[in-house]
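Nothing in this text is a laboratory measurement; each read-out follows from the coordinates by a stated rule. Just so we're clear, the structure is a prediction, and the values are computed from it rather than from any experiment. Here the Cβ is made from the backbone with ideal geometry for all residues, glycine too, and neighbour counts use every protein chain on show.
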Amino acid sequence: MLASFVYAQNLTDAAQHILPINTVRGGIVDESALLEALTDVAYKRLAGAGLDTFAHEPIEPNHPLLKLSNVILTPHVAGVTAEAALAVSTVTARNIVEFM
């Protein structure tokens, strides 16, 4: 499993205006620490969060992050756009030409 890069201490020290976004890999954000930072009424450490990937996919239907109004969650599809497909195709074609 990938080690968490965004973990409890990072989130504890975070300012209220921070809005972490993860579209890379699940597991790089400590979801328990993120949940605490988003819901701890005494500290209100984060403005919100955006996640496109999770430690365990698909995310469980009863996951607490799904209940938060300041969190945007997508089902690991951030790179599924026409622009992303064109970029991948272009890089792939360029790599094939350079290899030949």
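Computed values, structure above
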| item | result |
| --- | --- |
| Neighbourhood charge, 13 Å Cβ-Cβ cut-off, centred on VAL91 and excluding it, Lys, Arg +1 and Asp, Glu -1 | -1 |
| Contour minus Cα-Cα distance for ASP40 and ILE72 (0.36 nm per residue) | 9.7 nm |
| Estimated FRET transfer efficiency when R0 is 41 angstrom, pair GLU98-THR23 (beta carbons, to 0.05) | 0.90 |
